[in-house]
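Inspection log for the structure reproduced underneath, given as structure tokens.
The values are calculated or read from the model by the stated rules, or taken from the named source; none is laboratory data. Owing to the predicted nature of the structure, the values given are computational and were not obtained by experimental measurement. For neighbour counting, all protein chains shown are included, and Cβ atoms are generated from backbone atoms with ideal geometry for every residue, glycine included. What goes into the accessible areas is simple: the full protein's heavy atoms, side chains included, and nothing from ligands, DNA or RNA. Shrake-Rupley method; radii C 1.70, N 1.55, O 1.52, S 1.80 Å.
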Amino acid sequence: MKEERPEMEEEIIQQLRSKATELLLREEWMESIKLYSQLVSLCQQQLSENHDKFDSDGVSKLRKTLRLALSNLAEARSRLGYFSEALEDCDRAIDIESTHFKTHLCKGKILLNLNRYTGASDCFKTALLHLQGNEHSEILNGYLERCKRLEFQSRTGTIDLSDWVLSGFRGKSPELAEFIGAVQIKRSEKSGRGLFATKDIEAGTLLLFTKAVATVRGILPEPDEDSDSAESARLVMWKEFIEKVFAAAARCKRTRGLISTLLGGEDEESLSVPDISLFRPETGELFFPEEKVDDMGRLINALDVNCLTEDATSAKVLGKNCDYYGVGLWILASFINHSCDPNARRLHIGDHLVAHASKDIKAGDEITFAYFDVLLPLNKRNEMSKTWGFYCKCKRCRFEEEINSRGEIKEIELALERGSGSDMGNVVVRLEEIMRRWMIKGKEKGYLRASYWAAFSGAYGSENSMRRWGRRIPAAEAVAECVTEAVGGDERVLRVAIEGVRKRGGGVFEMERALKLGRCVYGKVVKKQALRALLELQRS
């Protein structure tokens with residue numbers, strides 16, 4: 001009979017196990033990780049160095065202790081977001097006992113957090129096979145249903161937020177998958193690299209949805225009330241945001257690798273063009289070299305250029321976060337450049353960003369957002385682009401540069417700047433007459449109507465203007481459609497269109513036109529009834 005394990009070693013193992021379990025139950029994750037790591041090392045040492053001193057029962061007992069320690073270590077690490085190490089712990093535990101229910105459940109939850117839905121589903125099915133009794137069957141079936149739903153979203157790019165919208169955004173934000181549509185990253189004539197469509201895309205179609213690496217939100221003081229306090233609050237949030245991104249990079253090799261695609265020198269042309277497959281969750285970590293994101297200066301510069309605010313002109317926050325100022329890092333969306341002729345918008349739902357086509361996009365076209373308000377004349381847009389550090393050379397800006405050399409357009413700009421609400425009808429009528437005379441049609445007409453949108457909005461909002469100018473001011477719905485076709489969906493344009501339909505007592509056909517414009521603003525994320533509810537909010 002083999003020599004029994006020394007009592008001192010057995011006592012140390014039991015003490016470590018007891019204390020680590022206590023810390024785990026108290027959700028003191030970091031401390032429990034330290035003790036479970038010690039316990040794993042001690043068990044491995046005993047099995048390696050003293051294997052011949054144990055009988056079969058002793059070895060079996062020690063292996064069981066090691067398996068439980070690895071499983072609990074994986075649980076603690078996953079709670080802190082150390083998913084890579086947690087998966088390794090799960091695999092080591094499964095190597096010891098392939099039928100251990102708790103380890104398969106833990107691994108499934110980790111893979112679900114990593115958006116690897118098929119692998120997560122396989123783990124939950126295995127756990128269900130080895131379940132003793134029915135205590136956890138309902139939980140496992142719930143996880144399997146989540147995997148099925150999220151895998152469908154990830155594969156098809158189809159989501160339905162109708163129930164949530166119709167409930168008035170009550171409860172938590174809906175859980176969303178990671179989805180990448182018909183897009184790829186290429187060199188851009190606009191700036192550095194950009195996101196491009198690989199096939200024709202209809203307005204409203206979802207292009208991608210992705211979860212933030214990190215977000216920070218808060219209520220900011222009104223700048224007009226206390227500009228110093230507002231700026232101080234922004235700086236505090238910015239510092240917290242940087243710390244969160246740095247921590248996320250430290251925890252996950254894949255996150256480090258994806259962030260590294262944003263880092264580079266001063267010359268954007270020297271940046272490599274990453275393959276879109278790197279951003280798909282199933283890629284995992286195998287294709288990422290061991291990157292370090294330890295240069296805080298480079299990281300801050302990258303975040304300054306690539307972070308997005310949730311309350312941007314081309315974005316809409318749905319749900320409880322709409323009252324907050326929010327900033328976040330959504331890496332793939334960071335590759336989308338600006339255009340004054342944008343073709344995409346984004347919705348923010350919880351920590352997810354959902355990008356959709358705000359007008360029809362042709363295969364090969366670059367996908368673009370509006371970084372600032374594009375319902376402004378060219379000179380105003382040029383001033384805003386300077387604050388972003390670039391000069392927009394989109395098709396619209398080039399067209400307006402040529403048009404603006406004509407004196408009559410300058411007169412329109414001056415009239416717009418001097419005019420009050422009651423004078424906007426005059427500005428609209430003069431602009432429409434100029435476009436007729438110059439035979440400006442199609443998108444180019446939409447460009448100019450977008451540039452002088454303030455005049456159209458003011459005229460439609462003034463009963464005096466509408467009575468005075470009558471049919472010389474085109475119908476609000478027609479102008480809204482023209483502007484949307486030219487520069488994509490915009491809430492302000494949609495609001496005018498809906499009000500125009502309401503005033504005219506529009507029927508089914510008119511409402512269908514409004515719903516089409518609504519798809520350009522919100523994308524295809526809700527069914528008609530819920531979209532009508534969103535459109536009703538535009539009237540308030």
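Please identify every one of the GluC sites (Glu not before Pro) in the range 162-203 that sits in a loop by DSSP and has no more than 10 other beta carbons within 10 Å of its own beta carbon.
On the way: sites: Glu175, Glu178, Glu189, Glu202; in loops: Glu175, Glu178, Glu189, Glu202.
Sparse-neighbourhood loop GluC sites (Glu not before Pro): Glu189.
From the Cα gyration tensor of the range 119-245, with a ≥ b ≥ c the square roots of its eigenvalues, which class applies: rounded if a/c is under 1.5, or else prolate if a/b is larger than b/c, or else oblate?
oblate
Restricting to the chain, compute how many DSSP beta bridges are antiparallel as a %, nearest 5. If you can, show how the numbers build up before the last one.
Numbers: 28 of 34 bridges.
Expressed as a percentage, antiparallel bridges in the chain total about 80.
Taking only the alpha carbons of the range 193-254, what extent do you get along each of the three principal axes, in Å, biggest first?
Projected onto the principal axes, the Cα atoms of the range 193-254 cover 48, 35, 21 Å.
So what are the radius of gyration and Dmax for the Cα set of the range 17-95, in Å?
According to the Cα coordinates of the range 17-95, Rg and Dmax are 12.8, 39 Å.
Take Ile94, Ile409 and sort them by solvent-accessible surface of the protein heavy atoms, 1.4 Å probe, largest at the top.
Values: Ile94 30, Ile409 0 Å².
Result of the area sort, largest leading: Ile94, Ile409.
As an exercise, find the ratio Rg/Rh for the range 385-540 from alpha-carbon atoms, using the Kirkwood inverse-distance average for Rh. Please list the in-between numbers first.
Working: Rg = 16.4 Å, Rh = 16.6 Å.
Rounded to two decimals, Rg over Rh is 0.99.
List the residues whose amide H sits under 5 Å from the amide H of Leu220, counting only those 5 or more places along or on another chain, with H placed 1.01 Å from N in the peptide plane.
Tyr325
Ordering Arg17, Arg79, Arg346 from largest to smallest accessible area (1.4 angstrom probe), what's the sequence? Walk me through the intermediate numbers first.
Working: Arg17 80, Arg79 125, Arg346 10 Å².
If we order Arg17, Arg79, Arg346 from most to least accessible, we get Arg79, Arg17, Arg346.
Hey, got a sec? Which GluC sites (Glu not before Pro) in the range 119-157 land in a DSSP loop and have at most 16 other Cβ atoms within 10 Å?
Numbers: sites: Glu135, Glu138, Glu145, Glu151; in loops: Glu135.
Sparse-neighbourhood loop GluC sites (Glu not before Pro): Glu135.
Just to be sure I understand the model, the point goes 7 Å from the Cα along the line to the Cβ. What's the resulting Thr158 to Cys322 distance in nm?
In this crude label model, Thr158 to Cys322 measures out at 2.7 nm.
At q = 0.14, 0.32 Å⁻¹, what log₁₀ I(q)/I(0) does the range 178-226 have when each alpha carbon counts as one equal point scatterer in the Debye sum?
-0.63, -1.17
Output the 0 to 90 degree angle, nearest 10, between the alpha-carbon long axis of helix 528-539 and the longest principal axis computed from the alpha carbons of the chain.
Tilt relative to the chain: about 60 degrees.
Between rounded, prolate and oblate, where does the range 94-181 land on the alpha carbon gyration tensor, with a ≥ b ≥ c its root eigenvalues, rounded for a/c under 1.5, else prolate if a/b exceeds b/c?
Working: a/c = 3.03, a/b = 1.81, b/c = 1.67.
Since a/c reaches 1.5 and a/b is larger than b/c, the shape of the range 94-181 is classed as prolate.
With the crude spin-label approximation of a point 7 Å out along Cα→Cβ, what separation in nm comes out for Thr387 versus Arg63?
6.7 nm
Note the full-extension length gain between Glu243 and Leu131 as 0.36 nm times their separation in residues minus their Cα-Cα distance, in nm to one decimal. Please list the in-between numbers first.
Working: separation 112, 0.36 × 112 = 40.32 nm, distance 4.11 nm.
Extending this stretch completely gives an extra 36.2 nm.
Over the Cα atoms of the range 50-124, how large are the radius of gyration and the largest Cα-Cα distance (Dmax), in Å?
Cα only, the range 50-124: 13.6, 45 Å (Rg, Dmax).
What angle, in degrees between 0 and 90 and rounded to the nearest 10, separates the Cα long axis of helix 407-418 from the longest principal axis of the Cα atoms of the chain?
70 degrees
Just to verify a number: FRET efficiency for Asp91 and Asn301, C-beta to C-beta distance, R0 = 41 Å, to 0.05?
On the way: r = 38 Å, r/R0 = 0.92.
That pair, Asp91 with Asn301, gives E of 0.60.
As a test question: what accessible area, to the nearest 10 Å², does Asp95 have when a 1.4 Å probe is rolled over all protein chains in place?
We get 130 Å² for Asp95.
Just check the range 309-457 against the gyration tensor rule for me: Cα atoms, a ≥ b ≥ c as the square roots of the eigenvalues, rounded for a/c under 1.5, and otherwise prolate or oblate depending on whether a/b exceeds b/c. Show your work: numbers first, answer last.
Values: a/c = 2.19, a/b = 1.72, b/c = 1.28.
Since a/c reaches 1.5 and a/b is larger than b/c, the shape of the range 309-457 is classed as prolate.
According to a simple spin-label model (label point 7 Å from Cα along Cα-to-Cβ), what is the distance in nm between Met466 and Thr99?
Calculated label separation equals 7.5 nm.
Under 11 Å from a point placed 7 Å out from the Cα of Lys503 along the Cα-to-Cβ direction: which residues of the range 457-479 have their backbone N that close?
457-471, 473-477
Please give the FRET efficiency for Glu282 paired with Ser405, using the beta carbon to beta carbon distance and R0 = 60 Å, rounded to the nearest 0.05. Could the numbers behind the result be given before it?
Details: r = 53 Å, r/R0 = 0.89.
The computed FRET efficiency comes out at 0.65.
Provide Rg and Dmax in Å for the range 27-179, with only Cα atoms included in the calculation.
Reported Rg and Dmax, both Å: 18.8, 68.
Stretch Glu222-Ser18 to full length: gain in nm at 0.36 nm per residue minus the Cα-Cα span? Don't jump to the answer; show the numbers that get you there.
Details: separation 204, 0.36 × 204 = 73.44 nm, distance 5.30 nm.
Fully extending the segment from Glu222 to Ser18 adds 68.1 nm.
Over the residues of the range 417-471, compute the C-alpha Rg and express it relative to 2.2 N^0.38 Å. Each step should come with its number before you reach the end.
Details: Rg = 11.1 Å, N = 55, 2.2 N^0.38 = 10.1 Å.
With N residues counted in the range 417-471, Rg over 2.2 N^0.38 Å equals 1.10.
What are the ³J(HN,Hα) values, in whole Hz, obtained from phi via the Karplus relation 6.51 cos²θ - 1.76 cosθ + 1.60 with θ = phi - 60°, for each residue of the range 364-378 in sequence order, with x given for Gly and Pro?
Residue by residue, the range 364-378 yields x, 6, 7, 8, 9, 10, 8, 6, 9, 5, 9, 8, 9, x, 4 Hz.
Which pairs, out of Lys172/Lys516; Lys190/Lys393; Lys362/Lys395; Lys172/Lys524; Lys102/Lys148; Lys186/Lys443, put more than 18 Å between their alpha-carbon atoms? Could you put the intermediate results ahead of the total?
On the way: Lys172/Lys516 28 Å; Lys190/Lys393 7 Å; Lys362/Lys395 15 Å; Lys172/Lys524 20 Å; Lys102/Lys148 21 Å; Lys186/Lys443 26 Å.
Listed pairs above 18 Å: Lys172/Lys516; Lys172/Lys524; Lys102/Lys148; Lys186/Lys443.
Test of the criteria: in the range 400-473, which trypsin sites (Lys or Arg not before Pro) are in a DSSP loop and have at most 13 other Cβ atoms within 10 angstrom of their Cβ? If you can, show how the numbers build up before the last one.
Details: sites: Arg406, Lys410, Arg418, Arg430, Arg436, Arg437, Lys441, Lys443, Lys445, Arg449, Arg467, Arg468, Arg471, Arg472; in loops: Arg406, Lys441.
Within the range 400-473, the qualifying trypsin sites (Lys or Arg not before Pro) (loop, at most 13 other Cβ atoms within 10 Å) are Arg406, Lys441.
How far is helix 424-437 tilted, in degrees, relative to the longest principal axis of the Cα atoms in the chain, given as a value from 0 to 90 rounded to the nearest 10?
It works out to around 80 degrees.
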